[in-house]
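Visitor: Mind looking over this structure? Questions follow.
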Protein chains: 2
Amino acid sequence: MVKITDVARHAGVSPSTVSYALSGKRPISEETRQRIEASIRELGYRPHAGARALASSRSNVLALVVPFRSGIHVPVVMQFAVSVVTTARQHDHDVLLLTQEEGEEGLRRVADTALVDALIVMDVQLHDARLPLLRALDRPSVLIGFPAEPAGLTCIDLDFAAAGGACVTHLAELGHRCVALVGSPPEVYLRRTGFAQRVTQGFTAAADERGLTSTVHPCEATPAAAQAMAERLLREHPELTGVVVHNEPVVQPLIDAFRRLGLRVPEDLSVVAICPDELAEQAPLPISSVAVPSARIGARAVELLMRKLDGLEVPEATMLPPWLTRRATTAPRT
Amino acid sequence: MVKITDVARHAGVSPSTVSYALSGKRPISEETRQRIEASIRELGYRPHAGARALASSRSNVLALVVPFRSGIHVPVVMQFAVSVVTTARQHDHDVLLLTQEEGEEGLRRVADTALVDALIVMDVQLHDARLPLLRALDRPSVLIGFPAEPAGLTCIDLDFAAAGGACVTHLAELGHRCVALVGSPPEVYLRRTGFAQRVTQGFTAAADERGLTSTVHPCEATPAAAQAMAERLLREHPELTGVVVHNEPVVQPLIDAFRRLGLRVPEDLSVVAICPDELAEQAPLPISSVAVPSARIGARAVELLMRKLDGLEVPEATMLPPWLTRRATTAPRT
DNA sequence: TCTCGTAGTCGAAGCGATTCGACTGGATCA
DNA sequence: TGATCCAGTCGAATCGCTTCGACTACGAGA
């Protein structure tokens, strides 16, 4: 293994000079820097991560805690993870993958052993057991999703309330008067996950404000449940002409089910989803939707963390505004 | 931060004794060990990961390189990643997440900086550009998937050829005489990814051996492509009564398409998939399938790596035998 | 002319663990 | 009874890098 002293000798300088040339923490003459860089290239030098971490008390590694349980759309998680890794690399950091299962002990472990400099936690519950720990930890963290009491934490997410509202507004502007929200599976509500409730709030508030009739229905993430839901909606709400779906796996099955029941989409029934753009675009009939911008959230989360690591102030709450794209599943009420 | 010298002082022993008590590399009297453990608990000591890595030249971190591009079923990747993390934790290791994008440079970086002790590489191509590097690296690795020339590497995967064969055998035993394989998207074949070709080989060989008529059709991973494929198959192969599908997103759409074309499944047409069990089980009509056991492969990959890290010999090739579960989409030919 | 600040560099002291060799005091064996 | 071995412990060296304080030389300001 080639080490910093080898480089130093080869370049005719001291090890500390090499270190400073690399980090830029002290001025080094252009000429010396050139010589050092040449030596590094020639010898193929790579600083030892452990040694660096020990000496600088910075590991340049971020922890990413991913959820893995029912009611969570896997591709969204994956896309998020990839964007975190990509963005972290742009800031010269790596990403350690932790599962939700490891729980608080896992967080404490990677923080206390100085294995990571900072943490990103996904799928935060309204009353998440990890919150006190995250507040107490000596390492910065960013949460994806908003707990009930976000004070003292840094949180980021799509503004789900506004997203729910945007869907209603879109339908209302198309003339619809009776709308329904098909939401996440019941267990997601039971876990009291923030985003599910926020969508509901935004949806209901917007509907009330505009004087629309509205109902809310949690729904299992299976085609069978979608079919049942479609039948029930038509039976219980004959007036229904607009549906908002916030449950990725069910979007397409639900549309299919309505069709099977004799309704034309969008002529008889308009459907708006809250889902990733790819899903909406790739559907047989492209779906009008509010994007769930996982990649952007991931990138932003990393940037917030970097700023915190640099000792800068960051906003406690970052809500990304919803962006609705009208595609082929919504039309004026006839 | 509490360090090993603090523990040593508190327990009335030397730092090295604490270290040996922790690692078990030298005998420590029961009584002393107790005392040390008590001190550790009381002080809340956690060994510093960087210091440990520096002194022992072991980081206890594995690299996991995940693919993220078209034609790859995301939930499979995710499930795999989670099982790798879980198994690694059982062996006291953590997992660093890398994306395919980082390429060879990324692998070299984490290996040369001693950030990781070993690597797991997914989605290996037949002539993967990373193979020479992996062979040359001073760190052990395990590949998921088989390249054309696996000598000198450790590879593991489902035995896809046998899986393709098992599907044909199953159909043949039910009396089917004309079968088709609906495979991965064309780009997967173009990339010359091993598993796609192996399924084809196993499928064709088994069909030939049993004297069945067989055809092979790559297929885009969209419902529209599934519909077109179903139409084409019926048009070109009126005799067709058995279909093998190796393309997760298309399984259900294809079955739906056949139904729309007036065929009953399984009465008129039997369908077997090669896909994760969850997908097969959760379908409206549970699908007969050969499981893609991502979780088991992930766990096994980690175990192989651990053995290599311990300096033990491991087999160069590990092929998990296919396991076919008959569910509701296959029936005897009528 | 004398200070003073600054660019550029060096040497040495850590950072917090692991590990190797050496030491001690019984128990074992001939 | 002396030689030998082993369990149990300690001290010191080491891992490879960062960083702090010091030093030199030089130009600017007074």
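Visitor: From A:Arg139, A:Arg89, which residue is more than 9 Å from chain B (Cβ to nearest Cβ) and under 21 Å from the mean Cα position of the chain (by Cα)?
Guide: Numbers: A:Arg89 fails: more than 9 Å from chain B (Cβ to nearest Cβ).
A:Arg139 is the lone residue from the list that is more than 9 Å from chain B (Cβ to nearest Cβ) and under 21 Å from the mean Cα position of the chain (by Cα).
Visitor: Please pick out the residue among B:Ala273, B:Ala230, B:Ala299, B:Ala225 that is surrounded by 15 or more Cβ atoms within 10 Å (Cβ to Cβ) and outside the structural domain of B:His170 (by TED's automatic domain parsing). Walk me through how you get there before you give the answer.
Guide: On the way: B:Ala273 fails: outside the structural domain of B:His170 (by TED's automatic domain parsing); B:Ala230 fails: outside the structural domain of B:His170 (by TED's automatic domain parsing); B:Ala225 fails: outside the structural domain of B:His170 (by TED's automatic domain parsing).
Selected residue: B:Ala299, the only one of B:Ala273, B:Ala230, B:Ala299, B:Ala225 that is surrounded by 15 or more Cβ atoms within 10 Å (Cβ to Cβ) and outside the structural domain of B:His170 (by TED's automatic domain parsing).
Visitor: Let me ask you something else. Return only the number of the condition from (1) closer than 22 Å to A:Asp94 by Cα; (2) more than 10 Å from every other protein chain (Cβ to nearest Cβ); (3) open to solvent by 20 Å² or more (accessible area, probe 1.4 Å) that B:Ala51 does not satisfy.
Guide: For B:Ala51, the exception is condition (2).
Visitor: Search the stretch B:33-49 for residues that are closer than 22 Å to B:Asn60 by Cβ and pair each with any residue that is away from DNA strand D (no atom under 16 Å from the Cβ) and assigned to a helix (DSSP H, G or I) when their beta-carbon atoms are under 8 Å apart and the residues are at least 6 apart or on different chains.
Guide: Going by the 8 Å Cβ cut-off, the qualifying pairs are B:Gly44/A:Asp112; B:Arg46/A:Arg109; B:Arg46/A:Asp112.
Visitor: With the condition kept exactly as written, say whether any residue in the stretch A:63-72 is open to solvent by 30 Å² or more (accessible area, probe 1.4 Å), modelled with pLDDT of 95 or more and out of contact with any helix residue (DSSP H, G or I) (no Cβ under 6 Å at 6 or more places or on another chain).
Guide: Taking the stretch A:63-72 as the starting set, the residues that turn out to be open to solvent by 30 Å² or more (accessible area, probe 1.4 Å) are A:68-72.
This time we only want the ones that are modelled with pLDDT of 95 or more, so: none.
So far as the stretch A:63-72 goes, no, none of its residues is open to solvent by 30 Å² or more (accessible area, probe 1.4 Å), modelled with pLDDT of 95 or more and out of contact with any helix residue (DSSP H, G or I) (no Cβ under 6 Å at 6 or more places or on another chain).
Visitor: In the stretch A:98-116, is there at least one residue being under 30 Å from A:Val2 (Cβ atoms), open to solvent by less than 10 Å² (accessible area, probe 1.4 Å) and in contact (Cβ under 8 Å) with a residue 12 or more places away in the chain?
Guide: Yes: the stretch A:98-116 contains one or more residues that are under 30 Å from A:Val2 (Cβ atoms), open to solvent by less than 10 Å² (accessible area, probe 1.4 Å) and in contact (Cβ under 8 Å) with a residue 12 or more places away in the chain.
Visitor: Among the residues of the stretch B:99-147, which ones are of a type in the set (Gly, Ala, Ser) and either assigned to a loop (DSSP other than H, G, I, E, B) or in contact with a Phe, Trp or Tyr (Cβ under 9 Å, 6 or more places away or on another chain) (or both)? Steps first, please.
Guide: Step one: list which residues in the stretch B:99-147 are of a type in the set (Gly, Ala, Ser), which gives B:103, B:106, B:111, B:114, B:118, B:129, B:136, B:141, B:145.
The answer is B:Ala114, B:Ala129, B:Gly145.
Visitor: Working carefully through the options A:Leu174, A:Leu143, A:Leu131, find the one that is in the same structural domain as A:Leu97 (by TED's automatic domain parsing) and surrounded by fewer than 24 Cβ atoms within 10 Å (Cβ to Cβ).
Guide: Among A:Leu174, A:Leu143, A:Leu131, only A:Leu131 is in the same structural domain as A:Leu97 (by TED's automatic domain parsing) and surrounded by fewer than 24 Cβ atoms within 10 Å (Cβ to Cβ).
Visitor: Would you call B:Leu96 part of a helix (DSSP H, G or I) and within 13 Å of chain A (Cβ to nearest Cβ)?
Guide: So B:Leu96 does not fit the description; no.
Visitor: Follow-up. Filter the helices (runs of 4 or more DSSP H) completely within the stretch B:148-266 down to those with at least 3 residues that are aliphatic (A, V, I, L, M). Before the answer, list the steps.
Guide: On the way: elements: B:160-173, B:186-190, B:194-209, B:223-236, B:251-260.
Qualifying helices (runs of 4 or more DSSP H): B:160-173, B:194-209, B:223-236, B:251-260.
Visitor: Here is a follow-up. Tell me, which residue of the stretch A:51-92 that is assigned to a helix (DSSP H, G or I) and within 14 Å of DNA strand D (Cβ to nearest atom) is farthest from A:Gly311 (Cα to Cα)?
Guide: Looking only at the stretch A:51-92, we keep the residues that are assigned to a helix (DSSP H, G or I), and these are A:51-56, A:74-90.
Next, only the ones that are within 14 Å of DNA strand D (Cβ to nearest atom) stay: A:51-56.
Numbers: A:Ala51: 23, A:Arg52: 20, A:Ala53: 18, A:Leu54: 20, A:Ala55: 19, A:Ser56: 16 Å.
By that ranking, first place goes to A:Ala51.
Visitor: Also, I was wondering about something else. Could you check the stretch B:28-50 and list, in sequence order, the residues that are assigned to a loop (DSSP other than H, G, I, E, B) and within 12 Å of DNA strand D (Cβ to nearest atom)? I'd like the intermediate steps shown before the answer.
Guide: Initially, the stretch B:28-50 is screened for residues assigned to a loop (DSSP other than H, G, I, E, B), giving B:28-29, B:44-48.
Within the stretch B:28-50, B:Ile28, B:Ser29, B:His48 meet the criteria.
Visitor: Within the set of pairs 6+ apart or on separate chains, which have a first residue in the stretch A:1-23 that is open to solvent by 60 Å² or more (accessible area, probe 1.4 Å), a second that is near DNA strand C (Cβ under 8 Å from one of its atoms) and of a type outside the set (Phe, Trp, Tyr), and C-beta atoms under 6 Å apart?
Guide: A:Tyr20/A:Arg26; A:Tyr20/A:Ile28
Visitor: Give all pairs with beta carbons closer than 8 Å in which a residue from the stretch A:218-237 that is touching a residue at least 60 places away in the same chain (Cβ under 8 Å) meets a residue that is part of a helix (DSSP H, G or I); count only pairs at least 6 apart in sequence or on separate chains.
Guide: Qualifying pairs under 8 Å: A:Ala221/A:Glu248; A:Ala221/A:Pro249; A:Ala221/A:Val250.
Visitor: Still on this structure, I have one more. Any idea how many residues of the stretch B:284-311 are within 14 Å of chain A (Cβ to nearest Cβ) and either part of a loop (DSSP other than H, G, I, E, B) or closer than 28 Å to B:His170 by Cβ (or both)? It would help to see each step written out before you state the result.
Guide: Here is the first cut: in the stretch B:284-311, the residues within 14 Å of chain A (Cβ to nearest Cβ) are B:284-287, B:294-295, B:298-299, B:302.
Now narrow it down to the ones that are either part of a loop (DSSP other than H, G, I, E, B) or closer than 28 Å to B:His170 by Cβ (or both): B:284-287, B:294-295, B:298-299.
Summing the residues that are within 14 Å of chain A (Cβ to nearest Cβ) and either part of a loop (DSSP other than H, G, I, E, B) or closer than 28 Å to B:His170 by Cβ (or both) in the stretch B:284-311 gives 8.
Visitor: Output the residue which, of all residues in the stretch B:1-27 that are part of a loop (DSSP other than H, G, I, E, B) and within 11 Å of DNA strand C (Cβ to nearest atom), is farthest from A:Ser57 (Cα to Cα).
Guide: Going through the stretch B:1-27, the residues part of a loop (DSSP other than H, G, I, E, B) turn out to be B:1-3, B:12-14, B:24-27.
Remaining after also requiring within 11 Å of DNA strand C (Cβ to nearest atom): B:1-3, B:14, B:24-27.
On the way: B:Met1: 11, B:Val2: 14, B:Lys3: 14, B:Ser14: 25, B:Gly24: 27, B:Lys25: 28, B:Arg26: 30, B:Pro27: 32 Å.
Per the stated criteria, the residue is B:Pro27.
Visitor: Can you tell me which residues in the stretch A:64-83 are more than 8 Å from chain B (Cβ to nearest Cβ), among the small types (Gly, Ala, Ser) and under 14 Å from A:Ala299 (Cα atoms)?
Guide: Selection gives A:Ser83 alone.
Visitor: Give me the pairs, please: first residue somewhere in the stretch B:245-272 and more than 25 Å from B:Pro75 (Cβ to Cβ), second residue anywhere and buried (at least 21 other Cβ atoms within 10 Å of the Cβ) and among the aromatic types (Phe, Trp, Tyr), beta-carbon distance under 8 Å, and either six or more positions apart or on two chains.
Guide: What qualifies is B:Leu269/B:Phe258.
The values are calculated or read from the model by the stated rules, or taken from the named source; none is laboratory data. All values reported here derive from a predicted model rather than from experimental measurement. Reconstructed Cβ throughout: ideal geometry from the backbone, glycine too, with neighbour counts over all protein chains shown. These area figures cover heavy atoms from the full protein model, side chains too; ligands, DNA and RNA do not enter into them. Shrake-Rupley method; radii C 1.70, N 1.55, O 1.52, S 1.80 Å.
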